[in-house]
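Let me begin by presenting the structure, written as structure tokens, before commenting on it.
The values are calculated or read from the model by the stated rules, or taken from the named source; none is laboratory data. As the structure is a computational prediction, the values presented were derived from the model and not from experiment. Cβ atoms come from the backbone with ideal geometry, glycine included; neighbour counts cover every protein chain shown.
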Amino acid sequence: MYISVSLVGNKEIKALNKKHLGRDYATDVLSFNYSDNDDADGEFLGDIIVSTERAREQALEYGNTYEQEVADLVAHGVLHLLGVHHDDDNEVSTHGVKQSRGVKK
């Protein structure tokens with residue numbers, strides 16, 4: 001099983017967020033699950049896209065290093081690919097998902 005991780009700027013993640021989810025703002029992380037796709041080889045779980053700009057902002061906000069924040073966002077994306085979700089973007093931060101508050105399967 002494998003995933004793809006892309007690090008992009010706010011402009012790119014905002015465009016993806018709008019195109020795929022109808023949300024016209026830059027988010028910190030997006031994930032796209034392809035495990036059920038008939039074209040997938042069964043081993044590819046999906047794509048994780050991280051905004052480097054949001055990661056830098058959140059690192060300062062949460063007292064993390066930039067590298068730790070990127071790792072946390074990738075972990076957040078992996079949880080989504082594995083089926084763990086929260087109700088909306090504003091309800092639970094990456095850190096809330098790590099602590100299992102407000103998540104549902």
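A few points about this structure:
- Of all residues in region 7-30, those satisfying the criterion of being of a type in the set (A, V, I, L, M) and under 19 Å from residue 67 (Cα atoms) are 7, 8, 13, 29, 30.
- Pairs, first surrounded by fewer than 19 Cβ atoms within 10 Å (Cβ to Cβ) in region 40-69, second of a type in the set (D, E, K, R), C-beta under 8 Å, six or more apart: 56/69; 59/69; 62/69; 64/72; 66/56
- Just so you know, in region 33-52 the residues that are at pLDDT 90 or above and under 18 Å from residue 1 (Cα atoms) include one that is farthest from the chain's Cα centre (by Cα), and it is 45.
- Any chance residue 30 is touching a strand residue (DSSP E or B) at 6+ places or on another chain (Cβ under 9 Å), at pLDDT 95 or above and not small (Gly, Ala, Ser): yes
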